[in-house]
Protein chains: 2
Amino acid sequence: MTKILSAQVLDVRFPTSHHLDGSDAMYLDPDYSAAYLILQTDHPDGLEGHSLVFTIGRGNDICVHAIKSYLSYVIGKDLEAFIDDMANFWRLICGDSQLRWLGPEKGIIYMAAGAIINAVWDLYAKLEKKPLWKLLADMTPQQLVACVDFTYIEDALKPEEAIELLQEKQASKNDRISLLEQQGYPAYTTSIGWMGYSDEKIIRLCRESMANGWNAFKMKVGTDETDDMRRAGLLREMIGESGLLMMDANQVWGVEETIERMEKFKKFQPFWIEEPTSPDDILGHAAIKKHVNPIKVATGEVCANRVIFKQFFQAKAIDICQVDTVRMAGVNEVLAVLLLAHKFEVPVCPHAGGVGLCELAQHIGMIDYISISGTMENRMIEYVDHLHEHFIHPVKIVNGRYMPPTAAGYNIELKKSSLSNYLFNSENS
Amino acid sequence: MTKILSAQVLDVRFPTSHHLDGSDAMYLDPDYSAAYLILQTDHPDGLEGHSLVFTIGRGNDICVHAIKSYLSYVIGKDLEAFIDDMANFWRLICGDSQLRWLGPEKGIIYMAAGAIINAVWDLYAKLEKKPLWKLLADMTPQQLVACVDFTYIEDALKPEEAIELLQEKQASKNDRISLLEQQGYPAYTTSIGWMGYSDEKIIRLCRESMANGWNAFKMKVGTDETDDMRRAGLLREMIGESGLLMMDANQVWGVEETIERMEKFKKFQPFWIEEPTSPDDILGHAAIKKHVNPIKVATGEVCANRVIFKQFFQAKAIDICQVDTVRMAGVNEVLAVLLLAHKFEVPVCPHAGGVGLCELAQHIGMIDYISISGTMENRMIEYVDHLHEHFIHPVKIVNGRYMPPTAAGYNIELKKSSLSNYLFNSENS
């Protein structure tokens, strides 16, 4: 047995706003930050479970506080009791009724629950000496489905149906793993088109990215229309007809405004428009989708939970599901979303960027390919070229594709030096 | 000019779980709590703005922390600069992009924003020496609509249309104020039917309530079906055919489960089924509503924001809108929901109970009646008979109806003795 002995929750902030890395129409000056959790165990190898809540600066301290509220559920407990029944462990954490009230199932308290859950998944994978994607890929359909709590989604997908869907993909899993290990998983880059960058910087970064094998690019839109159009024209010209250009409005428009804007932007042939409006507006996205076709509609990075995703799928409101790894309640809930997306035939393109999100998202894209959807078609994992140097096992990109990680765990472990160099004194916040 | 000089944010908890007051199928042992905000000013009368975030115990400290994160927006600032343009003030608070990330527009960070906004409304009403409902009732349609930010709801309701809707009710406002002052506003009581109460206690409380003029009662359902049916039978027998019986499942069922259960419960003629499933499941409620008709479907007490309400209305998914006063971002957003509900012809029955929610909710029901919907038909404010003794200006109930409050402000001010007696040491949480 492995006992969880203690925990550290750290407020880590990187001053990304100094260079406007990560800037967009909604979030003008983010400081990429992590409410960072370490679970220490008595395992002879000194195994630790790591995870984080990603924030953009102020309020990172609140997330630290929220994570601490859940620690009594895991400290002093046996890891094996949790990993023997991961759905039950999920219910234990998400079911604290007094803390649940603070969401329910959304916002700070839910991200904090996710941090606890993901740290236990990290420990689970490390105990099995596998990267998370491989831990999940080695599960039978029954085992994978048993990790998911189906509360509130059974009207759309029942466990038995989920098992059937997975069984179809079971025999060919190893072929897909081989292909993945040879060719990697498709990706697109967001690093070139932040709102705060000058045209010159965008051109330079785009040129460099193309030289490195990238063919899919995302730009930020949503402030001045003329600026957006000039930048879109620049990028389309540089990447040519064959390049994929995605646009991301970061929630700044209303429904009608999105439809008007995209009518003007369609000449740049964007592959998708991302987060055009409120991430909660299922019916709004459905209306937008109807009007902007063939431009695809994408959202999900701040989608609160599986219930919102379920409705996006039921209402045929989105073309691309951009599930995030740290916004919802951990791996279990992400699996629920992958299963739902597969049933409703919506491609999953995991949201990444921030700090550590690429390291996490790659596992999700890969397990989707190996065990669930079985395809890479219309699928890409977001990539952002910031802050990877702080991770012990950073992502490996070859020719614009994610190579499957080989280190055991969920690969979110920050270097000790980075943790101490960027530790934030929340007394000053 | 009135300057906001300083603030106190207090963690106040009442040990209600000892008697299972407030217990239901989801929240088995709540300790009604308040993250309580006081804004102090330099006004010669010593005006203070009071507000709170209501929680059910653990995590109240996180809400205190979150409220503190917004204080720099108001401390040292002139009150008049805020109240001259309340929509702009709302955008100032809700628009902090780094804090917004932690929602967005939901959960702890949004409730904290609401506390700041409501405390300023409390000051505004005190400055004008009016109870909040009267402050709002005295506004012209243009002034009232100018308090609302229409971001993300303009596709359903534009400011000009909202003004037109209000103008229809303008001439007859004073008649309704007179009627309200004579007869009060309809209410129903939830105090009799908490999950943890014995049959004997329910019978006794129901009898007492009927003797006090109550004719509308809510019971908790959602644990054991046989128990629910026995209790429903008891209550229906006691209150007779003419009494209104509401059922509240506090989110414990799935969509299909709700439909099955309500088929069995319909013989008790419930007026509504409240929170049958996930509060985020707009399409789920729409499906339920179709099946359980003529039983009405009610939800909203934990509805995250105006965008979710907008969709509940657009999808014809609910019959009753149970907006809460402290879950969303303050009075401004509640007004947005009242306007949307009126346009879509959905009656508003404000959620109350907890600690202080009755004191707040009465203002919302009354302004809806006076200036917006113009009717009390199918409308009631929830009433719960707990913790009123701690307030300086508790609600006044006569014959099962709320009498309009007369004290200036939003009437959420706790007695100094209660604040000190129930102050919680969050170091121990």
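Among the lysines of segment B:280-429, pairs at least eight places apart or on separate chains and with Cα atoms under 23 Å apart come to 13. Per residue, the average separation of C-alpha pairs within less than 8 Å and at least 6 apart gives chain B a relative contact order of 20 percent.
Across peptide A:155-164, the average count of Cβ atoms from other chains found within 10 Å of a residue's Cβ is 2.
So if I place +1 on the C-beta of Lys and Arg and -1 on the C-beta of Asp and Glu, and nothing else carries charge, what would the dipole magnitude of the protein assembly as shown be about its Cα centre? I want it in debye, nearest 20. Write down the numbers at each step before the final one.
Values: 82 positive and 116 negative charges, 51 e Å.
The dipole of the protein assembly as shown has a size of about 240 debye.
Ordering A:Val326, B:Thr226, B:Ser418 by the projection of their Cα atoms onto the charge dipole of the protein assembly as shown, which places +1 on the Cβ of Lys and Arg and -1 on the Cβ of Asp and Glu, puts B:Thr226 at the extreme positive end. Note: segment A:1-82, Cα convex hull, 100 Å³ per residue. Distances between copies at A:Asp138, taken between label points 7 Å from Cα along the C-beta direction, are 7.2 nm in increasing order. Between this copy and the others, label points of A:Ser72 are 3.2 nm apart in ascending order, each placed 7 angstrom from Cα in the Cβ direction.
Each peptide in B:103-113, A:224-234 gets a packing score, the mean of other Cβ atoms within 10 Å over its residues, and the list from highest to lowest is B:103-113, A:224-234.
Residues whose amide H falls under 5 Å from that of B:Cys321, counting only those 5 or more places apart or on a different chain, are B:Val348, B:Cys349, with hydrogens built in the peptide plane. Sorting B:11-19, A:54-62 by average packing, meaning the other beta carbons within 10 Å per residue, from highest down gives A:54-62, B:11-19.
For peptide A:298-308, compute the average count of partner chain beta-carbon atoms within 10 Å of each residue's beta-carbon. Write down the numbers at each step before the final one.
Details: counts 0, 0, 0, 0, 7, 0, 8, 2, 2, 8, 6.
Mean number of neighbouring Cβ atoms from other chains: 3.
Please report the antiparallel percentage of DSSP beta bridges with both residues in the protein assembly as shown, rounded to the nearest 5. Each step should come with its number before you reach the end.
On the way: 50 of 90 bridges.
Given both bridge residues lie in the protein assembly as shown, the antiparallel proportion sits at roughly 55 percent.
For chain B, the longest principal axis of the Cα atoms and the long axis of helix B:107-127 meet at an angle of about 60 degrees.
Geometric descriptor of chain B, per residue, is 132 Å³ (volume of the convex hull of the Cα atoms). Among B:Asn215, B:Asn118, B:Asn293, the largest mean-square fluctuation in a Gaussian network model of chain B, built with springs joining Cα atoms closer than 10 Å, belongs to B:Asn293.
Using a 7 Å projection from Cα along Cα-to-Cβ, the label point at B:Glu161 is separated from the same position in the remaining copies by 3.4 nm, smallest value first.
If I take R0 = 25 Å and measure r between the Cβ atoms of B:Glu164 and A:Glu256 in this structure, what FRET efficiency does the formula 1/(1 + (r/R0)^6) give, to the nearest 0.05?
Numbers: r = 19 Å, r/R0 = 0.75.
With a Förster radius of 25 Å, E is 0.85.
Whole number please: convex hull volume per residue of the Cα set in segment B:127-179, in Å³?
94 Å³
Using Cα-Cα distances under 8 Å and only pairs 6 or more residues apart, what relative contact order does segment B:4-130 have, in percent? All intermediate terms of the calculation are to be shown ahead of the outcome.
On the way: 207 pairs, mean separation 33.8, N = 127.
It rounds to 27 percent for segment B:4-130.
Closest approach of any chain B Cβ to the axis that rotates B onto A belongs to B:Gly107, 1, distance given in whole Å. Packing-based ranking of A:388-398, A:24-34, A:270-280 yields A:270-280, A:24-34, A:388-398, ordered from highest to lowest mean Cβ neighbour count within 10 Å.
Give me the inter-chain shielding for B:248-256: mean count of other chain Cβ atoms within 10 Å, whole number please. Show your work: numbers first, answer last.
Details: counts 0, 0, 1, 5, 1, 2, 7, 5, 3.
Per residue, the average neighbour count from other chains is 3.
Take the alpha carbon atoms of the protein assembly as shown, find their radius of gyration, then divide it by 2.2 N^0.38 Å using N residues; give the quotient. Please list the in-between numbers first.
On the way: Rg = 26.6 Å, N = 858, 2.2 N^0.38 = 28.7 Å.
Rg over 2.2 N^0.38 Å, computed on Cα atoms: 0.93.
Seen from B:Val297, the other residues with C-beta closer than 9 Å to its C-beta sum to a net charge of 0, counting Lys and Arg as +1 and Asp and Glu as -1.
For segment A:232-321, the relative contact order comes to 27 percent (Cα pairs under 8 Å, sequence separation of at least 6).
For segment B:4-130, lysine pairs separated by 8 or more sequence positions, or belonging to different chains, with Cα-Cα distances below 22 Å total 4. Where both bridge residues fall in segment A:169-416, DSSP classifies roughly 25% of the beta bridges as antiparallel. Of A:Phe344, A:Phe313, A:Phe217, the residue with the greatest mean-square motion in the GNM of chain A, using alpha carbon springs below 10 Å, is A:Phe344.
Given 37 °C and 0.692 mPa s, compute D for segment B:69-154 with the Stokes-Einstein relation, Rh being the Kirkwood radius over Cα pairs; round to the nearest whole µm²/s. If you can, show how the numbers build up before the last one.
Details: Rh = 13.7 Å.
So the translational diffusion coefficient is about 239 µm²/s.
Throughout, read-outs are computed from the coordinates displayed, never taken from laboratory work. Please read all numbers here as calculations on a predicted model, not as lab measurements. Glycine also receives a Cβ, built like all others from the backbone with ideal geometry; neighbour counts cover every protein chain displayed.
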